[in-house]
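Below is one structure; the comments refer to it alone.
Any read-out appearing in this document is the output of simple, stated calculations on the displayed coordinates, not a laboratory observation. Please read all numbers here as calculations on a predicted model, not as lab measurements. Cβ coordinates were reconstructed from backbone atoms using ideal geometry, including for glycine residues, and neighbour counts include every protein chain displayed.
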Amino acid sequence: MSISVGCNNTCTFCIVPALRGKEKDRRPGDILAEIEALVGEGVSEITLLGQNVNAYGSDIGDREAFSKLLRACGTIDGLERVRFTSPHPRDFTDDVIAAMAETPNVMPQLHMPLQSGSDPVLKAMRRSYRQERYLGIIEKVRDAIPHAAISTDIIVGFPGETEEDFQQTLHVVREARFAQAFTFQYSKRPGTPAAEMDGQIPKKVVQERYERLVALQEEISWEENKKQVGRTVELMVAEGEGRKDGATHRLSGRAPDSRLVHFTKPEQEVRPGDVVTVEITYAAPHHLLAEGAVLDVRRTRAGDAWEKRNTEKAARPAGVLLGLPKVGVPEPLPAVTGGCAVD
Ligand code: SF4
């Protein structure tokens, strides 16, 4: 659910400020009313979206509005999981960390774009935090939420990036131990200041750095996933997340920290939206397996809603669609991608 659009920052690689303009926040009451209505229809997980989601409140004059919103989500009966994306390190204040740690339905997961670990490159990107601040936030989050899975976005080959700058990015990756990193090779985006900068890096150099970064992150993702083996976790059953599920007689779900887990299909019927408890038995770099029997199945209102939707769909007569407008609740709009994602 979008809670804000636009962004007041001016990162030199990003087109969002030009396309979406200044940040506009929705009223907290409107957001909460909409979440309550969705929960009433069977929705059990919500992701709060904004180009710079944790700056939420700057437009309505309340610097702690985002942490208050997280805490308010914690009071909505039936709302099982709350996530948000993408936060900016500049606005990642202690009240947000406390709200994450103290609100049981806010999941132990954080996606916080790093973009670069080098202070000179961050300056050239016009990202207002520095390496020390970024790592400081990670440390505080880990102290408050020890099992949090932290992921990030990183750009390789920003104009002017030297080998030493790149080494600083590798340093942060080693220190932060991200569960996952979305890595991008810098490419010029017309209309952005970075596209006009001197020091554009040859493709071959960018590619080589990118491969080193991906190799390091793969190793860390795998090591972090291996630490999950033996843990008992609750999964929210997902739809369409396991391409091989049919062949392997498995189903897939997301753990509270958003890790993808493929689990053995139980005898009992399990629907997307239901919650199962499993023990993790195997780790790959990008997914986990729970190969034993499912320990518990909890049928949920989200599962009921999924079943109702599918029963209605199956009962609908097949025919020629004339493109007439539909009556009733509209299909959800496509998600607004976090602006701090590079695309
Ligand atoms: S990268 Fe994120 S913070 Fe920077 S201008 Fe774009 S949306 Fe705003």
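Worth pointing out:
- Mean Cβ count within 10 Å, highest first, over the residues of peptides 227-238, 18-29, 50-61, 106-117: 106-117, 50-61, 227-238, 18-29
- Segment 198-272 - Rg and Dmax from Cα coordinates, angstrom: 18.2, 62
- Shape index of segment 179-330: Rg/Rh, with Rg the Cα radius of gyration and Rh the Kirkwood radius from the inverse mean 1/r over Cα pairs, equals 1.14.
- Computed from Cα atoms alone, the Kirkwood hydrodynamic radius reported for segment 94-227 is 15.7 Å.
- Across segment 4-225, the volume of the C-alpha convex hull divided among the residues equals 122 Å³ per residue.
- With the highest mean first, a sort of the peptides 184-194, 280-290 on other beta-carbon atoms found within 10 angstrom per residue produces 280-290, 184-194.
- Restricting attention to segment 169-306, lysine pairs at least eight places apart or on different chains and with alpha-carbon atoms under 22 angstrom apart total 4.
- The share of alpha-carbon pairs in segment 232-315 lying farther apart than 21 Å comes to 23%.
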